[in-house]
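Engineer: What follows is a structure written as structure tokens; I'll ask about it next.
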Amino acid sequence: MADTIKIKIDGKEIVTSKGKTILEAATDNNVYIPTLCHFPGVPPKGSCRICTVKVNNRFMTSCSTPAADGMTINNNHDEILDFRKSIVELLFVSGNHFCPACEKSGNCELQALAYRLGMLVPRFPFLFPKKMVDASSPKIIKEQNRCVYCKRCIKTIKDKEGRHYFAFNNRGNKLEVVLDKQMGNTISDKLAQQAMDNCPVGSIIYKGRGFSQPIGTRKYDKEPIGSNIED
Ligand code: FES
């Protein structure tokens with residue numbers, strides 16, 4: 001069929017359809033490529049770079065690069081795995097992530113990626129930035145110390161009129177994702193929970209319930225991230 005194309009990921013031949021991204025083609029064919037900012041159903045922006053692969057020897061983000069016939073892709077190679085690990089390390093040192101005290105521990109994609117990529121002591125110095133916690137909403141705690149700027153909350157948490165609850169504020173190293181004060185005061189329980197679920201880390205916490213599922217029994221406590229898909 002004209003709409004069918006063939007690519008190779010780590011030597012494995014994959015038949016996919018035109019228009020799919022490399023990430024989609026890989027996932028459909030049981031090949032794991034890690035992601036962080038990517039969220040199914042939301043157009044990819046390629047901002048976190050965790051899903052980087054080498055395409056015909058060039059670094060590309062697999063979530064935003066369309067698969068093209070004849071592409072040769074390296075995914076599970078030492079150089080790429082180390083590149084991904086360095087991104088995770090950068091995220092850890094540029095925020096304040098104290099996993100044992102985080103409600104998201106065990107359900108956190110950043111923590112799970114760090115385990116999967118074998119992160120020990122980051123190669124970069126910790127910055128220990130001073131960041132605020134906004135607990136003014138009756139339903140949500142916005143913990144800036146853990147934000148990884150993935151934009152998932154900005155893109156997915158909207159009211160019926162399409163207005164966004166979260167937005168970027170400031171620039172450069174002052175950049176933060178903030179919850180609109182007025183909308184945060186009236187956000188529903190359902191949407192607050194969804195905001196927490198869509199956040200890959202513990203930067204959005206739904207108030208009123210904590211540690212109801214014990215640490216040690218959570219999603220990534222049982223199995224490493226991506227273990228439902230082949231390496
Ligand atoms: Fe592709 Fe973040 S998942 S750039």
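Laboratory data are not the source of any read-out in this text; all were calculated from the coordinates shown. Given the structure is predicted, the values throughout are model-derived calculations rather than measurements. Quick reminder, even Gly has a Cβ in these numbers, built from the backbone with ideal geometry, and neighbours come from all protein chains shown.
Engineer: With runs of 4+ DSSP H residues as the only contributors, calculate the mean residue ellipticity of the chain at 222 nm using -39,500 (n - 2.57) per run, divided by the residue total and rounded to the nearest 500.
Structural biologist: Mean residue ellipticity, 222 nm, calculated: -6500 deg cm²/dmol.
Engineer: Something else: Farthest toward the dipole's positive end in the chain, which of Y165, F124, H97, given Cβ charges of +1 (Lys, Arg) and -1 (Asp, Glu) about the Cα centre?
Structural biologist: Y165
Engineer: With label points built 7 Å along Cα→Cβ from the Cα atoms of K131 and I215, find their separation and express it in nm.
Structural biologist: Taking the two extended label points, one gets 1.8 nm.
Engineer: Once phi is turned into ³J(HN,Hα) by the Karplus curve 6.51 cos²θ - 1.76 cosθ + 1.60 with θ = phi - 60°, what whole-Hz value does each residue of the range 7-16 show in order, with x for glycine and proline?
Structural biologist: 10, 10, 10, 6, x, 8, 7, 10, 9, 9
Engineer: Rounded to the nearest 0.05, what FRET efficiency is calculated for K174 and N228 with R0 set to 30 Å and r the Cβ-Cβ distance?
Structural biologist: Between K174 and N228 the formula returns 0.20.
Engineer: Another question about this same structure. Number of Lys-Lys pairs in the range 151-219 under 26 Å by Cα, sequence gap 8 or more or different chains?
Structural biologist: Counting lysine pairs in the range 151-219 gives 24.
Engineer: Right, another one. Relative to the longest principal axis of the chain, what angle (0 to 90°, nearest 10) does the C-alpha long axis of helix 78-94 take?
Structural biologist: Tilt of helix 78-94: around 10 degrees.
Engineer: Could you tell me the calculated FRET efficiency between K18 and F83, based on Cβ-Cβ distance and R0 = 30 angstrom, to the nearest 0.05?
Structural biologist: According to the calculation, E is roughly 0.60.
Engineer: Within the range 1-91, how many Lys pairs that are eight or more residues apart, or on different chains, come under 23 Å at the alpha-carbon?
Structural biologist: 15
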